[in-house]
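Scroll down for the structure; my scribbles are underneath it.
Values in this text are rule-based calculations from the coordinates and carry no lab data. What you are looking at is a predicted structure, and each value in this text was computed from that prediction instead of being measured. Reconstructed Cβ throughout: ideal geometry from the backbone, glycine too, with neighbour counts over all protein chains shown.
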Amino acid sequence: MESKETKILENLRKLTARYCTTLNLSTDKTEFHTAKIELVDYYELGCIITNMLKLCILALDNEVHKIDEAQKSSTINVSLILETVLQMFPLDEFEMLSEINEILISDFKSV
């Protein structure tokens, strides 16, 4: 039985190494993780941050007059925000969970 458990753990380690790529352990030995977001430059980062803040303001207050007069005419770039969220979405991890689920289902069927 221990051999079977060892094999399952080894399979889980392989799946984790293969799919768990969205979050990486911090290099400073803390329990924090980091996620990588690919950006063209600092300007794109600034656009993402300001668009997220504007979107949050509008969602909370539902009143455009709360945004600075100089920024009223500027629109929120929703596609830029969605692209960023898409980069952060852990699709590999979901694929790994599906494979783990298949392993567990086949394991339960054999019992």
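Taking amide H as placed 1.01 Å from N in the peptide plane, Asn77 has no amide H partner under 5 Å among residues 5 or more places away or on another chain. Whole-Hz Karplus values for segment 19-33 come out as 10, 7, 10, 6, 9, 10, 5, 5, 7, 8, 6, 8, 8, 7, 10 Hz, taken residue by residue from phi with 6.51 cos²θ - 1.76 cosθ + 1.60 and θ = phi - 60°; glycine and proline positions read x.
Phi-derived couplings, Karplus 6.51 cos²θ - 1.76 cosθ + 1.60 at θ = phi - 60°, listed residue by residue for segment 55-61: 4, 5, 4, 5, 5, 6, 9 Hz, with x used for Gly and Pro.
Relative to one another, the C-alpha centroids of segment 87-101 and segment 9-51 are positioned 14 Å apart. For segment 1-61, trypsin sites (Lys or Arg not before Pro) meeting the loop criterion (DSSP other than H, G, I, E, B) and having at most 16 other Cβ atoms within 10 Å: Lys29, Lys36. Could you list the residues of segment 27-42 with an amide nitrogen less than 20 Å from a label point located 7 Å from the Cα of Gln87 in the Cα-to-C-beta direction? Counting only backbone N, you get 27, 33-42.
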